[in-house]
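Participant: For reference, the structure I am asking about is given below.
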Amino acid sequence: MMYCRRCGGKVAVHMRQHKLALCKDHYLEWVLEQVDKAIKRYQMFSSQERMLVAVSGGKDSLSLWDILRRLGYQADGLYIGLGIDEGLGYSSESRRMCEQFAAEGGLKLHVVDVEQTYGETVPGMMRRTERGRQKACAVCGLAKRHIMNQVAREGGYHVLVTGHNLDDEAAVLMGNTLNWLTGYLVRQGPVLEATRSGMTRKAKPLCRMYEREMAAYALLRGIQYIYEECPFSEGSKTIYYKEILNKLEHDRPGAKLSFYLTFLQAKENGLFTPQADPELEMLHTCPSCGQATTAPGLCAFCRMVEGYQ
Ligand code: AMP
Ligand code: ZN
């Protein structure tokens, strides 16, 4: 039998990756603390800044909106109607979830309907363009990024936040490292600064939260969200990488978080700027063989063979 680490009460969520079990109230409190820590650790934004949170109707972004509000941040929402409705009504259902969440909380929600604004739905763009026939998700991503930036700029928002969680970020990282896409690796992180004028800073406050943790949060807070995944994501590489990472996580709890955090740490240490490599600065010369070594005195090899020569 396990008990809440903070109060000894009945456990609602057990996290092997953190060796931590908590009751409902303390779990909800813990999530707020974790997100607040990430916001500060990566200097995402301050409470004076105007924020736009992109909400898809899924558990991550709606929970994020809820968390930001409970942490005392002022955030308006943006829902983009992509027009993915054939068959299942994915877009209209997700729009309804966002509108309901906003109405219940008295929050401001911007809605951009792609077909109304640009004359064509996103699936229409996928079918019409060569790019879309090759990579459906690339077209959708392009449209979303463009519209998010546009609304943020026109509305005078300082920062745009999205609900990307650890599983999303680790899967992207896996794709980027398997192909050593250095350009993407340099830019991948919890914050993307606005490097060009007309762009808005982007931040991902949930980047250290497991998908499972966000599902538990939404459930325990009673947040209504759309369970369905986008029908176009079926069979995607991202889903494949997520499955691989989940296998790894199953055998080694914490592996996913460590994969992502050690990447961020390596970047802070200058992974992409070799001239800033701290080890390189501190190299010494081994007095015995003359080769480079990280600590003063004999190098590791000379220490090993010492006395056997
Ligand atoms: P996805 O790319 O679907 O994994 O979503 C990642 C994040 O992008 C979500 O957490 C939202 O913040 C944002 N997002 C995705 N779809 C939409 C949408 N239709 N409207 C607004 N934001 C979205
Ligand atoms: Zn408790």
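The values are calculated or read from the model by the stated rules, or taken from the named source; none is laboratory data. It should be emphasised that the depicted structure is a prediction, and the values quoted were computed from it without experimental measurement. Please note: Cβ atoms are built from the backbone with ideal geometry, for glycine as well, and neighbour counts cover all protein chains shown.
Participant: Can you name the residue in segment 67-102 that is closer than 24 Å to Q48 by Cα and among the small types (G, A, S) and, of all such residues, is surrounded by the fewest Cβ atoms within 10 Å (Cβ to Cβ)?
Facilitator: Of the residues in segment 67-102, the ones closer than 24 Å to Q48 by Cα are 67-79, 101-102.
With the extra rule that they be among the small types (G, A, S), the set shrinks to 72, 75, 77, 102.
On the way: G72: 8, A75: 23, G77: 23, A102: 20.
Only one residue fits best here, namely G72.
Participant: Limited to segment 220-231, what total is found for residues that are loosely packed, with under 15 Cβ neighbours inside 10 Å and in a helix (DSSP H, G or I)?
Facilitator: Of all residues in segment 220-231, those loosely packed, with under 15 Cβ neighbours inside 10 Å come to 222, 224, 227-229, 231.
Keeping just the survivors that are in a helix (DSSP H, G or I) gives 231.
Summing the residues that are loosely packed, with under 15 Cβ neighbours inside 10 Å and in a helix (DSSP H, G or I) in segment 220-231 gives 1.
Participant: Any residue in segment 214-235 that's touching a residue at least 12 places away in the same chain (Cβ under 8 Å): show its pairings with residues that are surrounded by fewer than 13 Cβ atoms within 10 Å (Cβ to Cβ) and among the hydroxyl-bearing types (S, T, Y) at Cβ separation under 7 Å, as long as the two are six or more apart or on different chains.
Facilitator: Listed by first residue and then by second, the contacts come to nothing, as the list is empty.
Participant: Of everything in segment 219-254 that's among the hydrophobic types (A, V, I, L, M, F, W, C) and over 17 Å from the mean Cα position of the chain (by Cα), which residue is farthest from ligand 2 (Cβ to nearest atom)?
Facilitator: First pass over segment 219-254, keeping only residues among the hydrophobic types (A, V, I, L, M, F, W, C): 219-220, 223, 226, 230, 232, 239, 244-245, 248.
Narrowing the set further to residues that are over 17 Å from the mean Cα position of the chain (by Cα) leaves 219-220, 223, 226, 230, 232, 244, 248.
Numbers: L219: 17, L220: 12, I223: 21, I226: 30, C230: 36, F232: 41, I244: 34, L248: 30 Å.
That would be F232.
Participant: Can I ask one more? Just give me the residues in segment 83-103 being of a type outside the set (F, W, Y) and at pLDDT below 95, in sequence order.
Facilitator: Filtering segment 83-103 down to residues of a type outside the set (F, W, Y) leaves 83-89, 91-100, 102-103.
Correct list: G83, I84, D85, E86, G87, L88, G89, S91, S92, E93.
Participant: Step by step: first the residues of segment 120-155, then only those that are closer than 24 Å to G198 by Cα and without any contact (Cβ under 8 Å) to a residue 40 or more places away in the chain, then the one that is surrounded by the fewest Cβ atoms within 10 Å (Cβ to Cβ). Which residue is that?
Facilitator: Within segment 120-155, the match that is surrounded by the fewest Cβ atoms within 10 Å (Cβ to Cβ) is E154.
Participant: Quick one: which helices (runs of 4 or more DSSP H) sit completely within segment 1-114 and have at least 3 residues that are of a type in the set (G, A, S) and either over 24 Å from the mean Cα position of the chain (by Cα) or within 26 Å of R153 (Cβ to Cβ) (or both)? Talk me through it step by step, then tell me what you get.
Facilitator: Details: elements: 24-41, 59-70, 90-105.
In segment 1-114, 90-105 are the helices (runs of 4 or more DSSP H) which contain 3 or more residues that are of a type in the set (G, A, S) and either over 24 Å from the mean Cα position of the chain (by Cα) or within 26 Å of R153 (Cβ to Cβ) (or both).
Participant: Hey, another quick one. Pull up segment 216-247, narrow it to residues that are within 15 Å of ligand 1 (Cβ to nearest atom) and basic (K, R), then point me to the one that is nearest to L178 (Cα to Cα).
Facilitator: K237
Participant: Is there a residue in segment 252-263 that is modelled with pLDDT under 95, surrounded by 15 or more Cβ atoms within 10 Å (Cβ to Cβ) and of a type outside the set (V, I, T)? I'd like the intermediate steps shown before the answer.
Facilitator: Kept after step one, since they are modelled with pLDDT under 95, are these residues of segment 252-263: none.
The answer is no; no qualifying residue exists.
Participant: Continuing with this model, one more query. Which pairs turn up if I take residues in segment 15-40 that are among the β-branched types (V, I, T) and modelled with pLDDT of 95 or more and look for partners that are part of a helix (DSSP H, G or I) and buried (at least 16 other Cβ atoms within 10 Å of the Cβ) with beta carbon separation below 7 Å, at least 6 apart in sequence or on another chain?
Facilitator: Correct list of pairs: V31/I67; V31/E213; V31/Y217; V35/I67.
Participant: Of these, G106, G8, G77, G72, which one is in contact with a Ser or Thr (Cβ under 7 Å, 6 or more places away or on another chain) and at pLDDT 95 or above? Give the steps one after another, and end with the answer.
Facilitator: Details: G106 fails: in contact with a Ser or Thr (Cβ under 7 Å, 6 or more places away or on another chain); G8 fails: in contact with a Ser or Thr (Cβ under 7 Å, 6 or more places away or on another chain); G77 fails: in contact with a Ser or Thr (Cβ under 7 Å, 6 or more places away or on another chain).
From the options G106, G8, G77, G72, the qualifying one is G72.
Participant: Out of R153, R196, R208, R145, which single residue is within 29 Å of Q48 (Cα to Cα), modelled with pLDDT under 95, of a type in the set (K, R) and not in a helix (DSSP H, G or I)? Before you say what the answer is, go through the steps one by one.
Facilitator: Numbers: R153 fails: not in a helix (DSSP H, G or I); R208 fails: modelled with pLDDT under 95; R145 fails: not in a helix (DSSP H, G or I).
Within the list R153, R196, R208, R145, the selection yields R196.
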